[in-house]
Amino acid sequence: IYSIILLFLIQSELHTFLAVIIAVSMFIYLMMRILNGKSNGWQKLLTSVLAVFALFFIVFLLANPIVLTLAGVAGVILSIGMAVDANVLIFERIKEEIKDGRTLGSAIDIGFDRAWSSIRDSNFSSLITCAILFYFGSSIIQGFAFNLAAGILVSMFSAIMITKVFLKTLVGTKIAKNGFLMGAKKTNKKPRILPIIRNTKIWFGISGILVAVSLVGMIAFGLRLGIDFTGGTLMQLKFEEQVEKDELKTALEDIGQRLESTEETQEVGATDETGNAEESTVEEADETPTITPRTEDVDFSTASVIWSDNGYIIKSKYISSDTHDALLAELENEFGSFEETRFTTVGPTVGDTMKYKATIALLIALFAIVLYIAFAFRKIPRNVSPWRFGLSAIVALAHDVLFIVGIYSILGYVLGVEIDALFITALLTILGFSVHDTIVVFDRVRENLKNMGRDVTFGEVANKALSQTMARSLNTSISTLFTLCALLFLGSSSIFYFVLALVLGTIVGTYSSIFVASPVLVWWHNRALGRKQR
């Protein structure tokens, strides 16, 4: 029914109006059934609201033109990683049930039920972050958030519905009876419990060294901000004839001086006795292009020229469209024909606005993650504070952000790498990946707490949860790194440092979700318990 309605709405010019009527009618109908006692249906109401939301979202996707940017590609990459992660979670649960002696049919049903809480909490926290970033972020960040949200919704549907249908078709076949093919070969060996919590001091020492190096780099070298935050102009040119870097640099300085002197002459122009301005004293060259008047300072002496992809990237102070056109005309007259493959210009005011909005979006996203995790873990047993789960996840996120920012402050000092909007997008991607991984571990801690005896310590519960989710964390991270490494070594040089941030973030995010978040949670719990006993 939804498919038929959707097709009709897409073809109709009144799709939004009709969608609102359908949504309101469905809501009123379900409320009447609930109030009359004919439905047990608060869950049905929630399902219908989510379905209507999905309907609006899909109609919006199909009814509006959408451009895929580099930030959007980052969102797609992260959503692919989360889609793989959801399936890995389900398969690991099914394997556990098969090893316990269940048939494939019952193992599939129980595995999906037990994996749902992890998939729900991790993806919902990412969706909340996407909503906040879309509202507060700049256009680049909005593209990232939108594509990530779309990918999460599609991946949740495919993991929960389509994967289950495919697995059900295997029930009763020879493949279902082969434990090796199902990845669940029976063995008498007990699962190994890794001593992660026991060696908490080692992990804290490693993390302390990483954070200290990052802080020293940030304090000593600072951050080299790009034109997205400081304002400026970036041009990428490909010349048909060979042009040397020093030759282009000298030509830019000379062109800047000519444009500046032309502007002053046009503004100061002498007047005759009647008060009318006389003609400009600038002599016209044989076939030099006409230079239009400008009202800005033109100075290319501080511009940087970088070789890239058989061409040059020129970074300078902010210039207007008129100055840009005049510059291209002068360069063509100087070096012959060429192709401008990229042109970006950002005013100083826009740069400050982007910096402010990016900071606000990050802070609110972190606060929302704490609130959601505390809400999701509100029924945690054995007097374990749900707020500690959220704040421990934030500690792991802060660890990841400090490490990446510190590394890039050092790279900025050594190699001149700049912090731009793509770097902020990479940070958001890293945050989403890290908190996703951390919530999966915390969900297994919550489940183990319900099944453990009173004589088992909280540290032992967390240690078992880490051992149970270790394979899933490594499988998800490695599969994501395959895609990122392909982009890193085979992609364009213009996004090299953007992809490098994603690679480093995936590695450090996996490390922090295992060796930082849970050890911090256990340490905090034991400290509070000891204080209470004293």
Within the stretch 317-352, of all residues that are among the polar types (S, T, N, Q) and at pLDDT 80 or above, the one least open to solvent (accessible area, probe 1.4 Å) is Thr323
Look at the stretch 235-254 and say how many of its residues are farther than 15 Å from Gly336 by Cβ and either modelled with pLDDT under 80 or part of a helix (DSSP H, G or I) (or both).
-> 7
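Give the residue that is farthest from Asn87 (Cα to Cα), with candidates limited to residues of the stretch 136-159 that are in contact with a helix residue (DSSP H, G or I) (Cβ under 8 Å, 6 or more places away or on another chain) and open to solvent by 40 Å² or more (accessible area, probe 1.4 Å). Spell out how you get there, then give the answer.
Within the stretch 136-159, the subset in contact with a helix residue (DSSP H, G or I) (Cβ under 8 Å, 6 or more places away or on another chain) is 136-138, 140-156, 158-159.
Then drop every residue that is not open to solvent by 40 Å² or more (accessible area, probe 1.4 Å), which leaves 136, 140, 142, 153-154.
Numbers: Phe136: 32, Ile140: 29, Gln142: 27, Leu153: 14, Val154: 13 Å.
Per the stated criteria, the residue is Phe136.
Would you confirm, using the coordinates I've provided, whether Val405 is touching a residue at least 40 places away in the same chain (Cβ under 8 Å), outside any helix (DSSP H, G or I) and open to solvent by less than 40 Å² (accessible area, probe 1.4 Å)?
Details: touching a residue at least 40 places away in the same chain (Cβ under 8 Å): yes; outside any helix (DSSP H, G or I): no; open to solvent by less than 40 Å² (accessible area, probe 1.4 Å): yes.
No.
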Taking Val441 as the residue in question, decide whether it is β-branched (Val, Ile, Thr) and open to solvent by less than 10 Å² (accessible area, probe 1.4 Å).
-> yes
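Looking only at the stretch 491-500, how many residues end up being part of a helix (DSSP H, G or I), at pLDDT below 90 and in contact with a helix residue (DSSP H, G or I) (Cβ under 8 Å, 6 or more places away or on another chain)? Quick ask: steps written out before the conclusion?
Residues of the stretch 491-500 that are part of a helix (DSSP H, G or I), as a first pass: 493-500.
Cutting the leftovers down to at pLDDT below 90 gives us 493-499.
From the residues that got through so far, the ones that are in contact with a helix residue (DSSP H, G or I) (Cβ under 8 Å, 6 or more places away or on another chain) too are 495-499.
The number of residues fulfilling the criteria is 5.
Residues checked against (1) without any contact (Cβ under 8 Å) to a residue 40 or more places away in the chain; (2) of a type in the set (Val, Ile, Thr); (3) closer than 17 Å to Ser79 by Cα; (4) not in a helix (DSSP H, G or I):
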position	(1), (2), (3), (4)
Ser434	no, no, yes, no
Val441	no, yes, no, no
Cys485	yes, no, yes, no
Thr510	no, yes, yes, no
Ile514	no, yes, no, no
Look through the stretch 305-344, keep the residues that are without any contact (Cβ under 8 Å) to a residue 40 or more places away in the chain and not in a helix (DSSP H, G or I), and return whichever of them is nearest to Leu248 (Cα to Cα).
-> Ile306
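Find the helices (runs of 4 or more DSSP H) located wholly in the stretch 103-181 whose residues include 1 or more that are touching a residue at least 24 places away in the same chain (Cβ under 8 Å) and more than 29 Å from Ala358 (Cβ to Cβ), and list them.
104-136, 163-168, 174-177
Would you check if Ala471 is open to solvent by 20 Å² or more (accessible area, probe 1.4 Å), under 30 Å from Phe144 (Cα atoms), in a helix (DSSP H, G or I) and of a type in the set (A, V, I, L, M, F, W, C)?
On the way: open to solvent by 20 Å² or more (accessible area, probe 1.4 Å): yes; under 30 Å from Phe144 (Cα atoms): yes; in a helix (DSSP H, G or I): yes; of a type in the set (A, V, I, L, M, F, W, C): yes.
Yes.
The values are calculated or read from the model by the stated rules, or taken from the named source; none is laboratory data. Computed from a prediction, not measured in an experiment: that's the story for all the values here. Quick reminder, even Gly has a Cβ in these numbers, built from the backbone with ideal geometry, and neighbours come from all protein chains shown. Only protein heavy atoms, including side chains, enter the accessible area calculation; ligands, DNA and RNA are left aside. Shrake-Rupley method; radii C 1.70, N 1.55, O 1.52, S 1.80 Å.
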